[in-house]
């Protein structure tokens, strides 16, 4: 089965509720994985965005679900980044532990996972959703709470702080590196 056999449904059609999905699209993958269906994966320096920001003019948010039921991933069709779909069974941790766990993670058949940079995590924020959020596509990322998630980036000003992005309102912040926050790995 090739890419053209994939079906793209708007969230409104799948759920019957346009407001719940914000008009974003989620692709139902074909029965047989036909390989890459979205933008090519990002490579190189992950400190800087090397892609358009999803949700901006000409770059609507679009995701594809891949992997198995127990280890689903979400491919961002604008950035090419692949994310863990669910974070419920990973819990909360200090920043260094989140970096380490992503670095050794084997998930959905891949071993090249890492904690995302701040700019990569920002690509998931849907600023059209008001606080208390969650400011993320809840169809593509079900169960995501409207709280801050760790990024691998260091804090901006203070020593011993790390960056996090809040899915409550889309804001970024610095937290003590020993603060326990949820995290989501990317590849």
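The values are calculated or read from the model by the stated rules, or taken from the named source; none is laboratory data. Remember, it's a predicted structure, so these values are computed and weren't measured experimentally. Using ideal geometry, Cβ is built from the backbone for each residue, glycine included, and neighbour counts are taken over all protein chains shown.
Taking into account only those residues within segment 142-179 that are in contact with a helix residue (DSSP H, G or I) (Cβ under 6 Å, 6 or more places away or on another chain) and more than 17 Å from residue 130 (Cβ to Cβ), which is surrounded by the most Cβ atoms within 10 Å (Cβ to Cβ)?
Taking the candidates together, the pick is 150.
For residues that are at pLDDT below 90, over 16 Å from residue 127 (Cβ atoms) and within 12 Å of the chain's Cα centre (by Cα), tally how many sit in segment 57-76.
1
Being over 18 Å from residue 65 (Cα atoms) and over 15 Å from the mean Cα position of the chain (by Cα): is that true of residue 122 here?
No: the conditions fail for residue 122.
Count, please, the residues in segment 56-81 that happen to be over 13 Å from residue 139 (Cβ atoms), in a strand (DSSP E or B) and touching a residue at least 24 places away in the same chain (Cβ under 8 Å).
Matching residues across segment 56-81 total 7.
Can you tell me how many residues within segment 151-172 are touching a strand residue (DSSP E or B) at 6+ places or on another chain (Cβ under 9 Å) and over 14 Å from residue 125 (Cα atoms)?
Count: 11.
May I ask you to list the residues in segment 82-120 that are in a helix (DSSP H, G or I), free of Cβ contacts under 8 Å to residues at least 60 places away in the same chain and buried (at least 18 other Cβ atoms within 10 Å of the Cβ)?
99, 118
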